[in-house]
Amino acid sequence: QHGEVEAIALRIVRRLMELSNGERSDWRYNLNLATGREVLLLCGSVVEILRREDSLVQVPLPCRVYGDIHGQLLDLLEFFNAFAWPDKRRGDIWSMSYVFLGDFVDRGAYSCDVVTLLFSLKILYPKKIFLVRGNHEDRLLNMDFNCGGFYDEVISKYGRVNGTGALVYEKFARLFARLPLATVVDSQIFVVHGGLSRNPAGGFLRLLGASRNRAPEIPAASAYSSAVDLAFVDAMWADPQDAPRVAPNPRGAGLISFGPDVTARFLAENGLGLVIRSHQVPPNNEGYCVMHNGKLITVFSASNYCGLTGNTGAVLVLRPGGTVEPTLHWAPPLERLAEVAIEPPEDAAATPAAVRRGRALQRQNTAGAVENQLKQAEASPKGTSDRAGRLEREVLRGAARLIVERKQALFSYWEECDRLKKGFISQAAWDEGLRVVLGDSIPWKAMGRTLRVDDSLTRDVDYRRFLGRFRVVVVGGMAGGDRWAEELLGRFYGRLLALKGDAGSLEELEGFLGGGDGKVSPADALEAFRWVLGNYITEEQATALLRTLAAHAAPDPSPVGRSIGVFEFLSRLDVCFQHQAGVVKHQGAAGAGTTGTTAGAAVPGKEPSPWARSVLSHLGRLLWMEDAEGSPKAGSARMLEVFRYFDQDKDGLLQREEFAQAVKTLLAEYRESLPDVLAADTASDERISELVSCVDLSGDGLVNYLEFLHAFQPVDRTPGRGLQTDLMEQICTTIWTNKPSLLRTMQILEESGGAGAGAGAGGGGAAPAA
């Protein structure tokens with residue numbers, strides 16, 4: 001069997017070598033290096049090799065030290081191509097040792113392929129390849145959708161059939177537990193993933209050497225942890241700092257940062273000259289950074305980490321005599337990654353990237369354009385555009401996870417910045433909030449320019465609308481879960497929006513939906529659903545539609561069996577309609593197909609200009625916040641009151657003149673609360689006419705209540721005191737946030753035979769969307 005395993009390992013290395021030197025194509029997105037059975041054989045062989053290694057390994061010079069890779073296989077291949085592959089036929093494997101400093105997996109798109117390649121090299125050259133554990137070689141962290149992803153990749157790649165994917169993942173986890181915690185190179189250089197120990201009495205190396213029976217999960221750091229466990233945690237998680245001594249680390253509870261005095265003391269105690277570690281993108285945004293008076297080097301090999309960081313990757317070459325030679329690998333320029341779209345801009349031609357490209361083309365003559373193309377080709381590896389696309393989507397997922405997880409904290413921070421409670425903040429406050437609450441791991445300012453988060457006219461940011469772009473939605477499942485209900489409600493409301501003339505008046509809406517008493521009962525709803533959607537709607541389906549409608553109405557949900565007012569019913573329909581339209585828009589941006597009629601397809605009307613969007617957004621926020629207690633009932637009552645006030649002829653519709661007067665009056669009433677540029681540019685009849693054309697979705701020259709409601713409906717109507725999302729999102733977010741614990745619990749139940757009855761059911765999952 002050993003011969004078979006070596007043959008598998010050699011085939012994998014040679015195949016990647018051949019592919020990486022050949023024409024770049026879509027092979028990277030459909031890479032199948034080994035079957036599940038072959039991966040299990042590789043893991044078993046590597047475990048046997050690691051049994052013979054200590055937790056603290058001695059490595060000879062010369063050697064190359066690689067930092068975090070995080071599933072970015074193409075970075076690893078680029079480095080191998082730059083130096084020469086670790087191959088006995090063409091490379092320097094017999095004269096050079098290779099040290100890989102952990103964090104092989106998570107976040108990147110090729111984690112399985114990265115570890116498969118590294119394990120293959122370890123099998124072929126066990127005395128020359130050294131794999132050190134990082135904080136992401138952790139069974140529970142890999143299952144955490146917030147910062148992991150390796151578990152999902154393994155299950156997706158090797159499947160759930162006969163439990164192969166779960167078995168491969170468990171094998172990986174147990175192998176990670178066997179990885180050494182650190183190395184000492186030529187008795188001169190200490191090499192570790194994280195950092196140094198908090199133990200002031202010394203003995204860090206001794207404690208690492210004593211950590212022999214390690215678990216697949218890195219232990220937690222607490223007051224009850226043993227000295228061995230704390231040394232283990234620090235080797236995985238600690239970071240250097242400029243301040244002296246040891247301090248709490250913002251990464252999490254129980255973690256530490258250490259100062260230059262800690263580094264100097266450690267080196268003096270152990271007769272060493274240098275510490276090399278990885279674990280974070282260097283603060284200078286290069287692939288490496290020298291700190292602590294030249295006694296500590298951070299190296300990071302994943303270039304352009306997560307797609308928008310813009311850092312270079314690096315590898316350190318350590319040679320006899322104590323020399324350290326960094327080799328840098330350049331990531332694609334940030335300007336070439338300007339197509340990131342969380343919620344696609346409404347006017348693609350007006351994105352900053354498109355404007356920059358247009359201006360650049362105007363300035364360039366033919367010779368200059370050719371020269372620019374040559375420079376880009378020289379500064380970027382082959383196939384960069386394809387790779388950039390994958391990284392962009394990874395950044396999208398990473399940013400969405402961070403924002404969804406800390407939505408409440410972001411809202412509270414920005415609400416404090418919004419002193420006048422207008423619902424808008426400056427770009428500087430928006431950027432500062434993201435950095436303070438979520439950290440600097442993503443260049444938020446660059447992302448803000450790409451996503452056009454600010455109002456194109458006033459340049460301020462509607463922070464409630466921004467947070468509304470990020471939500472957890474249910475995906476997958478055999479029948480798509482309850483998405484059919486949201487799609488039908490969206491179609492129902494879209495057809496109501498298309499009503500023309502008197503059919504959309506207040507009197508007709510009340511009579512059609514309320515049955516004469518102004519209340520929508522379950523029976524009234526069933527009749528309306530059947531009238532608009534068709535007689536095939538059953539009573540049970542109508543009840544399900546009402547339940548879905550109520551789920552989008554928190555913090556004031558009504559029991560399904562209770563009647564509600566017609567105009568509150570319409571307000572809830574608009575909330576659900578916008579939610580569904582956002583989901584469809586997100587799916588379209590991600591390239592996912594949809595079936596049936598989408599909610600967005602039912603809305604006619606002229607696409608609003610940036611000016612019109614700005615006016616409707618600002619006035620809508622002020623209308624809904626004034627006297628609205630954060631509930632659909634209070635908000636709809638306020639909007640109905642305003643509509644009736646301006647309906648001078650009391651026909652239940654606003655003529656163009658009445659709507660124009662309403663806009664002028666509202667602009668005058670809220671003059672002090674609106675940005676100057678809006679008030680100054682909105683008084684003309686031409687502007688008012690443009691606004692009417694945008695709001696008049698049915699195209700009949702009138703504005704009915706539904707059009708009025710839809711035009712001024714902000715995404716989030718909460719007037720203050722904390723962000724309150726709808727009930728559906730609360731449920732999805734709770735499941736998603738606790739996904740690692742739920743996954744582990746289900747695994748335990750499945751292993752004990754407690755989940756057999758549901759093993760064959762099609763399941764959906766919760767995922768952050770934007």
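Before moving on, here are some points about what is shown:
- ALA523-ARG495 FRET efficiency (beta carbon distance; Förster radius 25 Å; 0.05 resolution): 0.80
- Cut-off under 5 Å, modelled amide H: who pairs with LEU296 long-range: VAL275, MET291
- Whole-Hz couplings from phi, Karplus 6.51/-1.76/1.60, listed for the stretch 518-527; x for Gly and Pro: x, 10, 9, 8, x, 5, 4, 5, 4, 5
- Cβ-derived FRET efficiency at R0 45 Å, ASN738 paired with GLN661, nearest 0.05: 0.30
- Hz values of 3J(HN,Hα) by residue in the stretch 637-646 - Karplus curve (6.51, -1.76, 1.60), Gly and Pro given as x: 5, 5, 5, 5, 4, 5, 4, 5, 4, 8
- Long-range HN-HN contacts of LEU255 with modeled amide H, under 5 Å: ASN249
- The Cβ shell under 13 Å around ALA660 holds other residues with a net charge of -3, Lys and Arg each +1, Asp and Glu each -1.
- Estimated distance in nm for a label pair at ASN162 and ARG174, the labels positioned 7 Å out from Cα along Cα-to-Cβ: 1.8
- Each residue was assigned an accessible area with a 1.4 Å probe, and for ARG214 the value is about 40 Å².
- LYS171 accessible area, 1.4 Å probe, all protein chains in place, Å² to nearest 10: 80
- Sites SER95 and ALA243, calculated FRET efficiency, Cβ-Cβ separation with R0 25 Å, nearest 0.05: 0.05
- Pairs exceeding a 22 Å alpha-carbon distance, out of LYS421/LYS519; LYS407/LYS445; LYS422/LYS500; LYS122/LYS171: LYS421/LYS519; LYS422/LYS500.
- Sorting HIS710, HIS329 by solvent-accessible area of protein heavy atoms yields HIS710, HIS329, largest first, with a 1.4 Å probe.
- A crude spin-label estimate for the pair ARG419 and ASN32, with each label 7 Å from Cα along the Cβ direction, gives 6.3 nm.
- Karplus 3J(HN,Hα) series, Hz, for the stretch 220-231 with 6.51 cos²θ - 1.76 cosθ + 1.60 (x for Gly, Pro): 7, 9, 8, 5, 9, 6, 6, 4, 5, 5, 5, 5
The values are calculated or read from the model by the stated rules, or taken from the named source; none is laboratory data. On a predicted model such as this, the values are computed, not experimentally measured, just so you know. Methodologically, a virtual Cβ is constructed for each residue, glycine included, from the backbone with ideal geometry; neighbour enumeration extends over all protein chains shown. Each accessible area value is taken on the protein alone, full model and side chains, heavy atoms only, with ligands, DNA and RNA left out. Shrake-Rupley method; radii C 1.70, N 1.55, O 1.52, S 1.80 Å.
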